[in-house]
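Q: Take a look at this one; I'll ask things after.
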Amino acid sequence: MDIEEDEMSRQVQVRFVTKLKAPLKAPNTTIAIPSNLTRMGLSTLVNTLLQSEAAEWKHEAFDFLIQGELVRMSLGQFLLAKGITAEKVLEIEYIKAVIPRKEEEPSVHDDWVSAVDGSNPGFILTGCYDALGRVWKGAGICTHILEGHNDAITSVSIIKSKGARSSNDTLVATASKDKSIRLWKFDAEDTLDRPMTIRSFRTLRGHNASVQTIAGQASGDMMCSGSWDCTINLWQTKASEAGGDLVSVKKRKTGGENEESQSEGEAVSSFVGHTQCVSSVVWPEYGTIYSASWDHSIRRWDVETGKDTSNMFCGKVINSIDVGGEGSALIAAGGSDPVLRIWDPRKPGTLAPVFQFSSHSSWISTCKWHDKSWFHLLSASYDGKLMLWDLRTAWPLAVIDSHEDKVLCADWWKGDCVVSGGVDSKLRVSSEISVQ
């Protein structure tokens with residue numbers, strides 16, 4: 001009790017600084033504040049300062065950095081834990097809190113939402129256990145239904161989109177438990193009164209078991225896939241340069257009208273090394289693919305030689321990996337325990353994670369870096385929660401609890417939204433998240 005009273009009575013001279021622009025810039029003055037203030041108290045104080053400058057100010061949630069580290073305890077406890085003296089004026093940087101400020105209405109599917117891709121700001125791509133892919137312009141606005149698989153969709157990927165010269169060049173891929181991958185083309189700018197059902201223009205076959213994961217090369221010319229058959233396959237995606245991978249071409253008729261040509265393709269090459277299901281693949285660089293497996297390993301592959309050049313073991317089944325963060329070099333992974341692990345492969349001589357976050361209470365299904373930040377990433381779990389993380393603190397910045405059951409997939413969308421799907425058969429959009 002004496003310690004608490006001492007902390008309440010102790011004053012700290014501080015100056016609030018920020019990189020935010022007006023009207024979010026507080027007066028550059030030194031003030032004395034109680035050392036027992038927590039993040040919430042500091043946020044209230046900054047809002048009071050901002051309101052003194054603008055009478056119509058609306059309350060904003062803030063986070064606080066001292067010497068580059070986020071404050072997640074009282075000010076006095078933080079200074080004591082970090083050995084920071086309060087004898088001089090303490091500079092505290094404030095940033096917008098990384099929390100969703102709005103939950104959109106759910107987009108209801110007919111079965112589990114097992115896959116989502118938010119890499120295009122114009123639409124969201126989902127895959128479902130009803131064997132259908134869907135394209136969404138926003139919450140509740142479905143524009144296209146991708147029909148063709150005959151078993152649950154396990155993974156989706158936007159291969160080429162608005163970077164193309166015209167929006168009708170949008171190319172997406174879906175993978176399924178039916179052992180196939182399908183490629184689809186559509187016009188992302190279509191304005192439709194009701195969803196348009198489209199069929200794939202190519203089916204890629206070559207795996208001997210369920211295809212669990214797919215990822216596209218940055219150019220959009222190739223993609224890779226991982227399967228329960230323990231292999232990783234590489235595929236051509238450009239119809240005009242498919243070369244020898246086309247083994248048959250078909251025309252189909254429905255309702256008396258010709259549909260687009262249907263072609264089937266074979267893998268360009270296959271990588272062998274994993275001993276159990278390949279659960280996740282990413283293709284972050286032209287010549288490098290990363291894969292994760294239920295055999296507890298993460299491997300880095302040289303695309304040209306097909307050899308794995310790095311092999312890390314974490315002792316757990318791995319469900320998901322992503323590469324990003326500082327220098328786009330950090331590897332994040334989640335699997336069959338509640339721990340989100342992050343490795344830095346640039347550090348020689350160690351295979352231990354550089355960060356471990358353990359606030360979930362069940363298996364982690366997905367992890368995803370924010371593509372504009374060195375520090376921020378998200379995780380989704382079978383505990384029904386999504387968590388937003390910042391490498392500068394061990395506690396989650398926000399916990400999103402909008403699902404009613406296991407969360408199976410998640411991604412960032414438009415830079416300030418999180419999209420997620422799960423066993424509750426809903427696509428959820430958590431929006432207005434400020435990531436700096």
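The values are calculated or read from the model by the stated rules, or taken from the named source; none is laboratory data. Quantities reported herein were computed from a predicted structural model and do not represent experimental measurements. Please note: Cβ atoms are built from the backbone with ideal geometry, for glycine as well, and neighbour counts cover all protein chains shown. Ligands, DNA and RNA are stripped out before the accessible areas are found, and what is left, the full protein with its side chains, is counted by its heavy atoms. Shrake-Rupley method; radii C 1.70, N 1.55, O 1.52, S 1.80 Å.
Q: Which numbered condition trips up Leu125, out of (1) among the hydrophobic types (A, V, I, L, M, F, W, C); (2) more than 26 Å from Thr366 (Cα to Cα); (3) modelled with pLDDT of 95 or more?
A: Result: Leu125 fails condition (2) only.
Q: Mind listing just one residue for me: the one in region 66-98 that is basic (Lys, Arg) and open to solvent by less than 70 Å² (accessible area, probe 1.4 Å) and, of those, farthest from Ala32 (Cα to Cα)?
A: The residue in question is Lys96.
Q: Is it the case that region 70-78 has a residue that's in a loop (DSSP other than H, G, I, E, B) and within 25 Å of the chain's Cα centre (by Cα)?
A: yes
Q: Quick one: Gly41 ticks every box in (1) without any contact (Cβ under 8 Å) to a residue 12 or more places away in the chain; (2) under 30 Å from Asp411 (Cα atoms) bar one, so which box is it?
A: (2)
Q: Test Gly334 against the stated conditions and say whether it is outside any loop (DSSP other than H, G, I, E, B) and at positive phi.
A: no
Q: Kindly indicate which of Ser362, Ser310, Ser328 is on the phi < 0 side of the Ramachandran plot and within 20 Å of the chain's Cα centre (by Cα).
A: Ser362
Q: Which residue pairs have Cβ atoms closer than 7 Å, lie 6 or more positions apart in sequence or on different chains, and pair a first residue in region 376-388 that is at positive phi with a second residue that is assigned to a strand (DSSP E or B) and surrounded by 23 or more Cβ atoms within 10 Å (Cβ to Cβ)?
A: Final answer for the pair search is Gly384/Val407.
Q: So which residues in region 11-38 are assigned to a loop (DSSP other than H, G, I, E, B), crowded, with 16+ Cβ neighbours inside 10 Å and touching a residue at least 40 places away in the same chain (Cβ under 8 Å), if there are any at all?
A: Within region 11-38, Thr18, Leu20, Leu24, Ala26, Ser35, Asn36 qualify.
Q: While we're looking at this one, here's another question. Tally up the residues in region 338-372 that are modelled with pLDDT under 95, among the small types (Gly, Ala, Ser) and under 29 Å from Val113 (Cα atoms), please.
A: Final tally of qualifying residues: 0.
Q: Please verify whether region 310-317 includes one or more residues that are in a strand (DSSP E or B), within 22 Å of Ser157 (Cβ to Cβ) and open to solvent by less than 20 Å² (accessible area, probe 1.4 Å).
A: Looking for residues that are in a strand (DSSP E or B), within 22 Å of Ser157 (Cβ to Cβ) and open to solvent by less than 20 Å² (accessible area, probe 1.4 Å), one finds none in region 310-317, hence no.
Q: Hey, another quick one. Residue check: is Gly265 in contact with a helix residue (DSSP H, G or I) (Cβ under 6 Å, 6 or more places away or on another chain), at pLDDT 85 or above and not basic (Lys, Arg)?
A: yes
Q: When only residues in region 39-65 that are surrounded by fewer than 17 Cβ atoms within 10 Å (Cβ to Cβ) and of a type in the set (Val, Ile, Thr) count, which is nearest to the chain's Cα centre (by Cα)?
A: Applying the filter and picking the extreme gives Thr44.
Q: Continuing with this model, one more query. Kindly indicate the residue of region 204-235 that is open to solvent by 40 Å² or more (accessible area, probe 1.4 Å) and modelled with pLDDT of 95 or more and also nearest to Gly306 (Cα to Cα) among those meeting that condition.
A: By that ranking, first place goes to Gly206.
Q: Find all pairs meeting these conditions: Cβ atoms under 9 angstrom apart; at least six residues apart or on different chains; first residue within region 53-81 and on the phi > 0 side of the Ramachandran plot; second residue open to solvent by 10 Å² or more (accessible area, probe 1.4 Å) and not β-branched (Val, Ile, Thr).
A: Within 9 Å, the pairs are Gln67/Lys82; Gln67/Glu91; Gly68/Glu93; Gly68/Arg392.
Q: Still on this structure, I have one more. Does region 392-417 hold any residues that are over 28 Å from Lys19 (Cβ atoms), open to solvent by 10 Å² or more (accessible area, probe 1.4 Å) and aliphatic (A, V, I, L, M), and which are they?
A: Leu408
Q: Taking into account only those residues within region 170-185 that are farther than 15 Å from Thr126 by Cα and touching a His at 6+ places or on another chain (Cβ under 6 Å), which is surrounded by the most Cβ atoms within 10 Å (Cβ to Cβ)?
A: Going through the qualifying residues, I end up with Asp178.
Q: Determine which single condition Gln356 fails, assuming it passes every other condition in (1) surrounded by fewer than 22 Cβ atoms within 10 Å (Cβ to Cβ); (2) in contact with a helix residue (DSSP H, G or I) (Cβ under 9 Å, 6 or more places away or on another chain).
A: The single condition Gln356 does not satisfy is (2).
Q: Inside region 418-428, can you point out the residues that are assigned to a strand (DSSP E or B) and either open to solvent by 10 Å² or more (accessible area, probe 1.4 Å) or at pLDDT below 95 (or both)?
A: Lys426, Arg428
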